[in-house]
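Data first, discussion second: the structure below is written as structure tokens.
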Amino acid sequence: MSAHIIGTGAFVPEQVVTNIDLQRLVDTNDEWIVSRTGIRERRIAEPGQSCSMLGVEAAKRALEDAKVAATDVTHVLVATFSPDAYIPSTAYILREKLGIPRGMAMDVSAACTGFLFALETARAFVALHPEAVVLVVGSEVVSSRLNWEDRGTCVLFGDGAGAVVVTGKPSHGSAEVMDVLLDGDGSLSDLLVVRGGGSATPMKLGQAVAEDFFVQMQGREIFKHAVRSMAAICQRILEKNGLTSSDIDLVVPHQANIRIIESLAGRLDLPMDKVFVNIEKYGNTSAASIPLALAEAREKALIPPGSKVMLTAFGGGLNWAAALLQY
Ligand code: ACO
């Protein structure tokens, strides 16, 4: 049973925070951020604007694009590391807000690679249940887990959401999900962590949060693994499907750092005009990054029918993934 992306949608909070704005918070500057990361500004959620709120708006747009009523959705997956709460899952909150009356919902936790893990899960649901209509959302309020005193992390991330609708039947302008590969290495888990409040580092009533409550990472090490692992998994998925990078019309990579994206393009021997980049506007939106970029690339008419699109991501875990789409 083949799986098809029949609609895409995205949503970002209104509040724009520029690099100049961040200069007032931490010892940084626009030149450093732009030259090291490619990021010029990011969207930051207003207080109270949660992961499900951003996800609902992206999902509405994806459902509208797919011409599917919320009442027809059978499965909801939300990829996030910044859920509304531990319990209930953000997927159930989002399902309730959209008025989806039945079916399962669950969150998928794989940090920045979460959307591709959820996409493969959607493909499995469609294979098992040919009538399934799966809503796959990547939504993050990363700002809720950022230490705004740590210049090494707070300048890199942003908030946003993207969504796709996956079914067993193609429709006009849809994309077949040809293949997805997921991989990872738990021995590298210490490179990116959000530990505080987990059961291994529990909190007591009245205790103030410490630095470990927020994203902590070893940027330089992650950079190296990101380039290597994404290039390797892209090569693997191409070879497995009898393709080379010259068969790919557009790569939509996780938007973490323009230098990571350029190095990846170099290793795949792909010119940058075949690589979609919007990091300058949004920063790293973690699990939202790929569906947000995919929706934007479609809106800009960069994916005409017949296009082969490759998605790739890496994230805390560490884990990495690639997917091939045939439009
Ligand atoms: N402004 C100014 N200076 C800074 C800033 C800042 N915001 N942040 C760090 N610096 C300084 C450092 O303190 C250091 O100073 P020093 O030389 O005096 O010690 C200097 O800049 C260089 O720091 P590096 O860390 O070596 O800089 P690098 O070129 O490696 O860039 C960066 C850092 C941007 C973090 C890069 O390593 C990177 O992008 N790594 C990947 C990170 C990533 O993608 N993380 C997300 C993973 S996905 C997920 O699952 C969430």
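Only the coordinates and a few stated rules stand behind these numbers; no lab work does. Only a predicted model underlies this, so the values are computations on that prediction, with no experimental measurement involved. Positions of Cβ are generated from backbone atoms using ideal geometry, with glycine treated the same way; all protein chains shown enter the neighbour counts.
Summary table
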{"item": "Dipole moment magnitude, nearest 20 debye, the chain about Cα centre, only Lys, Arg, Asp, Glu C-beta charged", "result": "300"}
{"item": "Net charge contributed by nearby residues that have their C-beta within less than 11 Å of F276 (K/R +1, D/E -1)", "result": "0"}
{"item": "Relative contact order (%) - criterion: Cα under 8 Å, at least six apart; region: the range 25-177", "result": "31"}
{"item": "Residue range of the chain that is longest and free of trypsin sites (Lys or Arg not before Pro) which are both DSSP loop and sparsely packed (at most 10 other C-beta within 10 Å)", "result": "103-203"}
{"item": "Cα-centred dipole magnitude for the range 230-298, charges only on beta-carbon of K, R (+1) and D, E (-1), debye, nearest 20", "result": "200"}
{"item": "Dipole of the chain [Lys/Arg +1, Asp/Glu -1 at C-beta], most positive-end residue of I87, V17, V34", "result": "I87"}
{"item": "Mean projection area, nm², convex hull over Cα of the range 177-326", "result": "10.3"}
{"item": "Point-charge dipole on Cβ atoms (K/R +1, D/E -1) for the range 180-327, about Cα centre, debye to 20", "result": "60"}
{"item": "Mean-position separation - Cα centroids, the range 194-259 and the range 154-181, in angstrom", "result": "17"}
{"item": "Candidate aspartates and glutamates for bridging to K67, where Cα separation is under 19 Å - those fewer than 8 sequence places away on the same chain excluded", "result": "E57, E131, E176, E296, E299"}
{"item": "Global form of the range 91-137, assessed from the alpha-carbon gyration tensor, a/c cut-off 1.5", "result": "oblate"}
{"item": "Within-13-Å neighbourhood charge of I260 [Cβ basis; K, R +1; D, E -1]", "result": "+4"}
{"item": "Neighbour-count ranking [beta-carbon atoms within 10 angstrom, fewest first] of L135, L325, L302", "result": "L302, L325, L135"}
{"item": "Alpha-carbon centroid distance for the pair the range 279-320 / the range 5-51, whole angstrom", "result": "16"}
{"item": "Set K60/K300; K97/K240; K204/K281 screened for pairs whose C-alpha atoms are more than 31 Å apart", "result": "K97/K240; K204/K281"}
{"item": "Within-14-Å neighbourhood charge of A70 [Cβ basis; K, R +1; D, E -1]", "result": "+1"}
{"item": "Rounded, prolate or oblate (a/c below 1.5 giving rounded, otherwise prolate when a/b exceeds b/c) for the chain by Cα gyration tensor", "result": "oblate"}
{"item": "Top of A58, A66, A161 by mean-square fluctuation, Gaussian network on the chain, Cα under 10 Å", "result": "A66"}
{"item": "Span-rule helices in the chain, defined as complete DSSP H runs reaching 27 Å or more along the axis (Cα) with Kyte mean at least -0.5", "result": "219-240"}
